[in-house]
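Visitor: So that we are looking at the same thing, I have put the structure below in structure tokens.
The values are calculated or read from the model by the stated rules, or taken from the named source; none is laboratory data. Remember, predicted model here, so these are calculated numbers, not experimental data. Cβ placement follows ideal geometry from the backbone for every residue including glycine, while neighbour counts extend to all protein chains displayed. Keep in mind that these areas ignore ligands, DNA and RNA; they rest on the heavy atoms of the full protein, side chains included. Shrake-Rupley method; radii C 1.70, N 1.55, O 1.52, S 1.80 Å.
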Amino acid sequence: MPFPESRPRRLRATPALRDLVRETVLTPHDFIWPIFVEPGKGVRKPITSMPGQFRYSPDEAAREAKAAYALGVPAVILFGIPEHKDSVGSSAYARDGIIPQAIRAIRKEVPDMLVITDVCLCEYTDHGHCGLVEDGKVLNDDTLDLLAKEAVAHVKAGAGMVAPSDMMDGRVGYIRDVLDEEGFEEIPIMAYSAKYASAFYGPFREAAESSPAFGDRRTYQMDPPNAMEALREAVLDEEEGADILMVKPAGPYLDIVREIREITDLPLAAYQVSGEYAMIEAAAERGWIDGERVMMESLISIKRAGADMILTYYAPRAAALLAG
Ligand code: PBG
């Protein structure tokens, strides 16, 4: 029915009507909070390009995780900055590495919180690439074994889920097999399925000291113009046994979130990355936008596009706002 019979404004007239017809609702349970951990005690180093975010030692990370959990945030995802880097990323799979230390501290302080770990080598290699390098090339198959070792080290320390973010081919299936062999068949895998070679990761690489020493990540992360390729990646990860699929970044890739949502029944995550956060914070700091409202609008848009959960640096702040 056209106007004047139809008047969409009727249902927008009052807060009560708007509450009633709202299609998408955010809750603190939708959020996963990414945190950076480094060795030490009592360490809280502000990350310049991500105002409000810090690099924490395990004890401080545990304290922050507990506060986030109390606000209703069910999970954290951990990124480690190791003391020592080498060509094979040995700190990534060391039994007493920074991530196992942080996992144990968090599990002790807040046992019911889900601790997810990012499984990747770039923070741990001296060349800053996400896999083994030979003659300037990032090797695929030889990297899988190291990623699986890393995943096992995390799970042995108490991680409740692992999230491979390296973008090597076949890593989800490989990690699944090794976890199963080790008796960890109940541990789910959240796959960074459509992870793009994005400039939006800039602040993260500063925070995690993980910029590649030569070249870039374009031979393994996806080319931003491609959408059908993201569907192929999603299907492969599902076939390899992924339990949750992920799209990253989130805001600039909402079409990909929607398209993957339509071809899978698996839960879908989207990662609102460091650059998305930094841009909102920078504009808010200058008074050019209302930071709090843009934060909530950016998150509800990601959920409206089809994400079931959102990895976001805003997790505790948005949860606190939602909790009133
Ligand atoms: C590790 C990894 C990165 C991010 C998450 N996992 C960096 C990268 O791929 O260069 C970026 C997250 C963010 O920007 O917030 N490979």
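Visitor: Per residue, how large is the accessible surface of the chain? Use a 1.4 angstrom probe and give square angstrom.
Guide: It amounts to 46 Å² per residue over the chain.
Visitor: Further, regarding this structure: When the Karplus curve 6.51 cos²θ - 1.76 cosθ + 1.60 is applied with θ = phi - 60°, which whole-Hz ³J(HN,Hα) does each residue of the range 262-269 get, with x for Gly and Pro?
Guide: 7, 10, 9, 9, 6, x, 10, 10
Visitor: While we're here: Provide, for the range 99-239, the number of lysine pairs with alpha carbons under 23 Å apart, each pair being eight or more places apart or on different chains.
Guide: Lysine pairs, 8 or more places apart or on different chains, close enough: 4.
Visitor: Hey, what angle do you get for helix 58-70 against the long axis of the chain, alpha-carbon based, 0 to 90 degrees rounded to 10?
Guide: 30
Visitor: If you don't mind, another one. Rounded to a whole number, what % of the accessible area of the chain do carbon and sulfur atoms account for, probe 1.4 Å?
Guide: Heavy-atom surface of the chain belonging to carbon and sulfur, 1.4 Å probe: 52 percent.
Visitor: Report the residues of the range 123-146 in range of a label on residue 177: point 7 Å along Cα→C-beta, backbone N strictly under 18 Å from it.
Guide: Label zone hits: 140-146.
Visitor: Specify the angular offset, from 0 to 90 degrees and rounded to the nearest 10, of the alpha carbon long axis of helix 98-109 from the longest principal axis of the alpha carbons in the chain.
Guide: That helix lies at roughly 60 degrees to the long axis.
Visitor: While we're looking at this one, here's another question. Applying 1/(1 + (r/R0)^6) with R0 = 30 Å to the Cβ-Cβ distance of residue 323 and residue 301, what FRET efficiency is obtained, to the nearest 0.05?
Guide: 0.90
Visitor: Next question, about the same structure. Arrange the residues 119, 25 by how much accessible surface each exposes, largest first, with a 1.4 angstrom probe.
Guide: My answer, sorted largest first, is 25, 119.
Visitor: Using mean Cβ contacts within 10 Å as the protection proxy, how do 210-217, 255-262 order, highest first?
Guide: 255-262, 210-217
Visitor: I'd like to compare 283-290, 154-161, 32-39: which one has the highest average count of other Cβ atoms within 10 Å, and what's the full order after that?
Guide: Taking the mean over residues of other Cβ atoms within 10 Å, the ranking is 32-39, 154-161, 283-290.
Visitor: Still on this model: With angles folded into 0 to 90 degrees, how steeply does helix 274-285 sit against the dominant principal axis of the chain? Use alpha carbons for both and round to 10.
Guide: The answer is roughly 50 degrees.
Visitor: Near the amide H of residue 119, under 5 Å away, which other amide H atoms are found, from residues 5 or more places off or on another chain, if H is placed in the peptide plane?
Guide: 163, 165
Visitor: For the range 140-151, just list the computed ³J(HN,Hα) in residue order, Karplus coefficients 6.51, -1.76 and 1.60, θ = phi - 60°, integers in Hz, with x standing in for Gly and Pro.
Guide: Coupling constants for the range 140-151: 7, 5, 5, 6, 4, 4, 5, 4, 5, 4, 4, 4 Hz.
Visitor: Using alpha carbons only, how many angstrom separate the centre of the range 1-29 from the centre of the range 176-241?
Guide: Between the Cα centres of the range 1-29 and the range 176-241 lies a distance of 38 Å.
Visitor: So between residue 263 and residue 10, what do we pick up on full extension, going 0.36 nm a residue minus the alpha carbon distance?
Guide: Taking 0.36 nm per residue and subtracting the Cα distance, the gain is 87.6 nm.
Visitor: So how much slack lies between residue 87 and residue 288, counting 0.36 nm per residue of separation and subtracting their Cα-Cα distance, in nm?
Guide: 68.0 nm
Visitor: Give me the percent of DSSP beta bridges within the range 73-201 that run antiparallel, rounded to the nearest 5.
Guide: Restricted to the range 73-201, the bridges split so that about 15 percent are antiparallel.
Visitor: Normalised by the residues of the chain, what does the relative contact order come to in percent, with Cα pairs under 8 Å and at least six apart?
Guide: 18
Visitor: Pull out the extension gain between residue 209 and residue 145, defined as 0.36 nm times the separation in residues minus the alpha carbon to alpha carbon distance; nm, one decimal.
Guide: 20.7 nm
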